[in-house]
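Notes follow the structure.
The values are calculated or read from the model by the stated rules, or taken from the named source; none is laboratory data. Keep in mind that what you see is a predicted model, and the values were worked out from it rather than measured. Please note: Cβ atoms are built from the backbone with ideal geometry, for glycine as well, and neighbour counts cover all protein chains shown.
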Amino acid sequence: MCLFLPNYKGSTFRGVLGRALKKVVCALKQQECDQCLLRRQCVYALVFKAAKAIPASPNSRMAAPPHTFVIEPPITGTTHFPEGSAFEFQERATLSY
């Protein structure tokens with residue numbers, strides 16, 4: 001069996017991690033994050049929906065807070081990976097609470 005990934009793998013890794021985290025921690029599974037009463041305490045919302053979970057400061061020149069982390073995937077043009085292939089990537093925190 002072979003795994004196919006796009007040329008830029010960071011968004012795929014971030015998406016897989018986000019879906020798995022939301023599945024584990026979401027208390028109100030039928031709501032969107034921006035409508036959820038728990039969004040300011042929710043680990044998923046704080047990590048993946050920071051713009052909706054963290055209110056913008058009135059003095060800030062940013063429209064939204066930055067992503068709390070960035071995944072830096074390996075730089076490779078390889079898109080097909082045999083079963084059992086290993087991936088190495090870097091995670092960079094960009095915001096602390």
Can you tell me which condition Val70 does not meet? The list is (1) more than 29 Å from Leu3 (Cα to Cα); (2) at pLDDT below 80; (3) surrounded by fewer than 15 Cβ atoms within 10 Å (Cβ to Cβ), and all the others hold. (1)
Under 8 Å by Cβ, and 6 or more places apart or on different chains, what pairs join a residue from region 43-57 that is modelled with pLDDT under 65 with one that is outside any loop (DSSP other than H, G, I, E, B)? Lys52/Cys33; Lys52/Asp34; Lys52/Ala45; Ala53/Cys33; Ala53/Ala45; Ala53/Leu46; Ile54/Leu46
Select from region 18-47 the residues that are buried (at least 18 other Cβ atoms within 10 Å of the Cβ) and charged (D, E, K, R) and write down the one among them that is nearest to the chain's Cα centre (by Cα). Lys22
For residues that are loosely packed, with under 13 Cβ neighbours inside 10 Å and either touching a strand residue (DSSP E or B) at 6+ places or on another chain (Cβ under 8 Å) or touching a residue at least 24 places away in the same chain (Cβ under 8 Å) (or both), tally how many sit in region 2-17. 6
